[in-house]
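The block underneath contains the structure these notes are about, expressed in structure tokens.
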Amino acid sequence: MDSIQIDGGIPLQGQVKIQGSKNAALPILAATILVRGNSLIENCPKIADVFQMQALLTHLGCKISWEGNSLKVDASGVNGSRMPSEEVKAMRSSISLLGALLARTSEAVMDFPGGCVIGARPIDIHLDALKQMGVVFEEKEDVLYARTTGLEGSRISLRFPSVGATENILLAAVLAKGDTWIQNAAREPEVEALCEFLAHTGAWIEGIGTDTLHVRGVSRLTETKFRIPSDRIVAGTYLTGCMIAGGSVLLKDAPVSQMEAVLRAARSMGVQIQPVDEGLFVQTPDTLLSPGHLKTAVYPGFPTDMQSPFLAAMTVAGGESILTEVIFENRFRIVEPLRKMGADIRVSGSDVLIKGGSCLRGAEVEARELRGGAALVMAALGAVGHTTVTGSGFIYRGYENIGRDLRELGARVYSV
Ligand code: EPZ
């Protein structure tokens, strides 16, 4: 399955269940190696990045099996600390295993995780913090060697509230000697979900959900089961699909409380949004309004992962608008394909200037990364005619089955 085919111009109707969160599942799966026994991870999304993490954990000695939508991880037999190159190169977020491996085996060896098309994505914040906790790093021929004679709690102040660095420090701190404080910690809901999982296993953490986390090391973590929360970015993506194609949909299990900035932006464009017991009911006006100036920010601001899907929606909204990306340095990869579909937009530094009011037309376009690829599918839903989105492998990294989900909303979408 390398491409997704869409016949656009059909307003969406119906309801779709939102899958478990990729960005909560990945660090929580990394955390399972801290438990010398079983962890049952419920509502785990069946996506490529989870399968990659499953392969990594198996390589390190875990026994893993799917039980429906739950992943059972037996980490009692973890015996490795060398992460296999292919999986690490294929998935940058394998970096979240660094802290966990150091806590479990006192060492870790991994290929330096490269950047990707959205940015260089350095790991200096991760390394500086772990050094403070007693980790020694060496780098030889693009391989990172990490070891410790025992992780020590420390007072850590992050220069930037990095999600991955906050998660790595948490995974290193829960079994460390003494107390760790993380100032300027990331507050994303996925960090909160990781803290909740760790607390379920007996970790001692205070300040969960705030930008100051206090962890007191304990001697061991115990077996538990934990349900992955729904994916706020998948819910937001399908919200933009409805904004672009028109219609009204129910996003079942959408994590409404985690989507305030996204819902505020959609409402500013004239979308009727109604939280209901089952999730989120969305009704799109005949014409979308311009949101004016949208700017990405760290949580609880407007999420960078929603930038590309909203850019697609802003191209069809009436009136001019500006979208500013401040988190990643190269996250405007879909500007060219959107222009090919008829959008009147151009990049100026960290801004995209949108003329709006475009009537998108079907085209053959290429996905170059996960959220941009999904945004092109959303744009195609509202385009006149047929669109082919190639490079769909990027999309399956984070969306279980975008074609199935959109067909449930009445869209004419299929994969080949
Ligand atoms: C997580 O990436 C998410 N990935 C990303 O989602 C998300 O876009 C990002 O957080 C921001 O919310 C996962 O959770 C698996 P960061 P992460 O560390 O941890 C710079 C998706 O589409 N930085 O908060 O890598 C970095 O270059 C993905 O699901 C440093 O300079 O994000 C970037 O500009 C894409 N040094 C900024 O901080 C460091 O040591 C944000 O990075 C670390 C980060």
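Read-outs throughout are calculated quantities, based only on the coordinates presented, and are distinct from any laboratory measurement. Note that the structure is predicted; figures quoted are calculated from it, not measured. Positions of Cβ are generated from backbone atoms using ideal geometry, with glycine treated the same way; all protein chains shown enter the neighbour counts.
Only bridges with both residues in the chain count here: give the DSSP antiparallel percent, nearest 5.
70 percent
Kindly identify segment 52-110 as rounded, prolate or oblate by the Cα gyration tensor criterion: order the square roots of the eigenvalues as a ≥ b ≥ c, call it rounded if a/c is under 1.5, otherwise compare a/b with b/c, prolate if a/b is larger, else oblate.
oblate
Starting at the first residue of segment 265-281, write each ³J(HN,Hα) from the Karplus equation 6.51 cos²θ - 1.76 cosθ + 1.60 with θ = phi - 60°, in whole Hz, x for Gly and Pro.
With coefficients 6.51, -1.76 and 1.60, one gets 5, 5, 5, 5, 9, x, 7, 7, 10, 10, x, 10, 3, 7, x, 9, 9 Hz.
³J(HN,Hα) across segment 292-298 via Karplus (A = 6.51, B = -1.76, C = 1.60, θ = phi - 60°), whole Hz, x for Gly/Pro?
Once rounded to whole Hz, the list reads x, 10, 9, 10, 6, 7, 6.
Taking θ as phi - 60°, what are the ³J(HN,Hα) couplings along segment 172-187 by the Karplus curve (6.51, -1.76, 1.60), each to the nearest whole Hz, with x for Gly and Pro?
Result, rounded to whole Hz: 7, 8, 5, 10, 6, 7, x, 9, 10, 10, 10, 8, 6, 5, 5, 10.
Once you order the gyration tensor axes a ≥ b ≥ c over the Cα atoms, which shape class does segment 260-412 get: rounded for a/c under 1.5, otherwise prolate or oblate by comparing a/b with b/c?
rounded
Scan around VAL384 for amide H atoms under 5 Å from its own, H built in the peptide plane at 1.01 Å from N, and keep only partners 5 or more places away or cross-chain.
When sequence neighbours closer than 5 places are left aside, the close amide H contacts are LEU360, ARG361, GLY362.
Could you order the peptides 84-92, 180-188 from most to least packed, using the average number of other C-beta atoms within 10 Å per residue?
Put in order of decreasing packing, that is 180-188, 84-92.
Beta carbons within 10 angstrom, averaged per residue: use that to sort the peptides 329-337, 100-108, highest first.
Top to bottom by mean Cβ count within 10 Å: 100-108, 329-337.
Could you order the peptides 121-134, 263-276 from most to least packed, using the average number of other C-beta atoms within 10 Å per residue?
121-134, 263-276
Shape verdict for the chain, please, from the Cα gyration tensor: rounded (a/c under 1.5), prolate (a/b greater than b/c) or oblate.
Prolate, since a/c reaches 1.5 and a/b exceeds b/c.
Which entries of LYS22/LYS355; LYS225/LYS252; LYS46/LYS252 show an alpha-carbon separation above 26 angstrom in the structure shown?
In this structure, LYS22/LYS355 exceed 26 Å between Cα atoms.
Rounded to the nearest Å, what's the spacing between the alpha carbon centres of segment 332-378 and segment 40-114? Just the number, please.
Centre-to-centre distance over Cα atoms comes out at 34 Å.
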